[in-house]
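Here is the structure we will look at.
The values are calculated or read from the model by the stated rules, or taken from the named source; none is laboratory data. Fair warning: this is a prediction, and the values are worked out from it, not measured in the lab. In this analysis, Cβ positions are derived from the backbone assuming ideal geometry, glycine residues included, and neighbour counts consider all displayed protein chains. The accessibility values were calculated without ligands, DNA or RNA, using every heavy atom of the protein model including side chains. Shrake-Rupley method; radii C 1.70, N 1.55, O 1.52, S 1.80 Å.
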Amino acid sequence: MRIPTDIPLATWIRQLIKADNVELFYFTDDWKELRQEVLDDFHNECQECLKKGVVTTYDLCVHHVNELRHRPELAL
């Protein structure tokens, strides 16, 4: 699934938030590609776990630096 190109990304995400369907964003190819880039950059290691001295390389989440619902213009 691709992000719509006929409207700005932040507008689309705000529509998803309003419809309580923001998880749709996480099924887009754009998010999946960025997620994989981040995992590759950090060698598939959880950065929050590393701060605690634990190495975790499974079932990883990639989080936004700024919460998606508060800063949709920074989604990617």
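With a 1.4 Å probe and every protein chain left in place, work out the accessible area per residue of the chain in Å², rounded to a whole number.
On the way: 5660 Å² over 76 residues.
On a per-residue basis, the chain sits at 74 Å².
Using only the C-alpha atoms of the chain, find the volume of their convex hull and express it per residue in Å³.
On the way: hull volume 7.6 nm³, N = 76.
In the chain, the Cα convex hull volume per residue is 100 Å³.
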Requested in this report: With an 8 Å cut-off on Cα pairs and a minimum separation of 6 or more residues, tell me the relative contact order of the chain in percent.
Outcome: 34
Query raised in the report: Under a plain spin-label model, where a point goes 7 Å from the Cα along Cα-to-Cβ, how far apart in nm are Asp41 and Asn66?
Result: 1.6
Report summary line: Per-residue accessible area, 1.4 Å probe, largest first, puts Cys49, Cys61 in the order Cys61, Cys49
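Counting only helical runs of four or more DSSP H residues, what would the 222 nm mean residue ellipticity of the chain come to if each run contributes -39,500 (n - 2.57) and the total is spread over all its residues? Please list the in-between numbers first.
Values: 3 runs with 28 residues, N = 76.
Computed mean residue ellipticity for the chain: -10500 deg cm²/dmol.
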Query raised in the report: Roughly to the nearest percent, how much of the accessible area of the chain is carbon and sulfur, given a 1.4 Å probe?
Result: 52
Report task. Please determine, in degrees from 0 to 90 and to the nearest 10, the orientation of helix 29-41 with respect to the longest principal axis defined by the Cα atoms of the chain, where the helix direction is its Cα long axis. Result -> 20
